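Worksheet: the structure to be examined is printed underneath.
Taken together, the values in this text are just the output of simple stated rules run on the coordinates, not laboratory data. Computed from a predicted model, the values in this text were never measured in an experiment. Neighbour counts run over all protein chains shown; Cβ positions are idealised from the backbone, glycine included.
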Amino acid sequence: MIDLRYGTHPHQPAWVLDDGPLRVRAGTPSFINLLDALNAWQLVRTASAATGAVVAASFKHVSPAGVASAGPLDDVIRETWRVTEPGPLTGAYVRARDADPKSGFGDVVAVSAPVDAELADLLSQVISDAAIAPGFEPGTLEVLVRKKSGTFLVLEADPAYEPPECERRDVHGVVVAQRRDRAPFLPGLPSDALLGLATLRHTQSNSVAVVGDGMPLGIGAGQQNRVDCVRLAVGKAAPGGCAGTPWCARCPASPACPGRIASTGRSASPRADSRRPRKWSSPSFSQVSR
């Protein structure tokens, strides 16, 4: 048994009863820290396996604020995060964090590959609470443990570990179980659709994600109805509205809602910036569901 810093709220004591494949390399986690880290790790692991790319996630309060693979950075991202030509791992995290920097403030960072020196240096400069990765290259742990006066949480996941077939929850004395969601994604889907489906598999329902260019541009998570999920996701992806954009009229969802949809009670499409408008691209459209 491992004592945690606190539970869901600071007045609640909390423990880890079985730490399984998780290794705490620095810091003391809270209950929510662990929920974020464990779910974020499974998200980047699933998305990386599905897309064949390095994937990073910015996770906050049991849902992703952003997820991304490595890809092109526009001028707004470069200026905001003070990067020029980062490597794949740092590039993926910058894109993930930039998807919703307000929600990602003080996030848990998850990456599908070992943390390298470039990413460690970036994380030492941004406001984050924790990082989880399958390993750490030489010298990177020393950089991370100095963050937040030594309280930054560093977790190492076992990339070979497969979670149990059934997941269980104890709810007010009633123990319920279900088979873990391991349904294979449909073959032949574009990488954006795969990334969207992997993201939504690890997002609280109901949830919708607007995805384009290898990153969810807006995620609407944990709403009682899907209409509000869509409003949240599209509002984050297109704060100025999508009307008049090159692809609006061709959207398969509706004339007023952006494009590439991946729906699981949830969903996905292309991008404008979450802080200020950018130029719209004209991606292809497809609709998938499960």
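Among the chymotrypsin sites (Phe, Trp or Tyr not before Pro) within segment 85-178, which fall in a DSSP loop and have no more than 15 other Cβ atoms within 10 Å of their own Cβ? Can you show the working numbers first?
On the way: sites: Y93, F105, F136, F152, Y161; in loops: F105, F152, Y161.
Taking segment 85-178 and a limit of 15 other Cβ atoms within 10 Å, the loop chymotrypsin sites (Phe, Trp or Tyr not before Pro) found are F105, Y161.
Calculate, for Y161 and T28, the FRET efficiency according to 1/(1 + (r/R0)^6) with r their C-beta to C-beta distance and R0 25 Å; round to the nearest 0.05.
Numbers: r = 22 Å, r/R0 = 0.89.
My answer for the efficiency is 0.65.
Write out the trypsin sites (Lys or Arg not before Pro) in segment 102-180 meeting two conditions: DSSP loop, and at most 15 other Cβ atoms within 10 Å of their Cβ. Taking segment 102-180 and a limit of 15 other Cβ atoms within 10 Å, the loop trypsin sites (Lys or Arg not before Pro) found are K102, R146, R180. Convex hull of alpha carbon positions in segment 159-200: directionally averaged projected area 4.4 nm².
The overall shape of segment 104-150, judged from the alpha-carbon gyration tensor, is oblate: a/c is not under 1.5, and a/b is no greater than b/c. Overall dimensions of segment 61-148, expressed as equivalent-ellipsoid semi-axes from the Cα gyration tensor (√(5λ), whole Å, largest first), are 18, 15, 12. The three principal axes of the C-alpha atoms in segment 1-57 carry coordinate ranges of 42, 21, 18 Å, sorted with the longest axis first.
Alpha carbon centre of segment 34-72 versus segment 128-166: separation in Å? Each part's Cα centre sits 14 Å from the other's.
Is any residue of segment 2-45 close enough, with backbone N under 18 Å, to a label point placed 7 angstrom from the Cα of V171 along the Cα-Cβ axis, and if so, which? Taking a point 7 Å out along Cα→Cβ of V171, no residue of segment 2-45 has its backbone N under 18 Å.
Amide H contacts for V55 (H built 1.01 Å from N in the peptide plane; partners 5 or more residues away or on another chain; cut-off under 5 Å): S112, A113. What does the charge count near V83 come to, summing +1 for each Lys or Arg and -1 for each Asp or Glu among other residues with Cβ under 15 Å from its Cβ? Counting the neighbours of V83, the net charge comes to -4.
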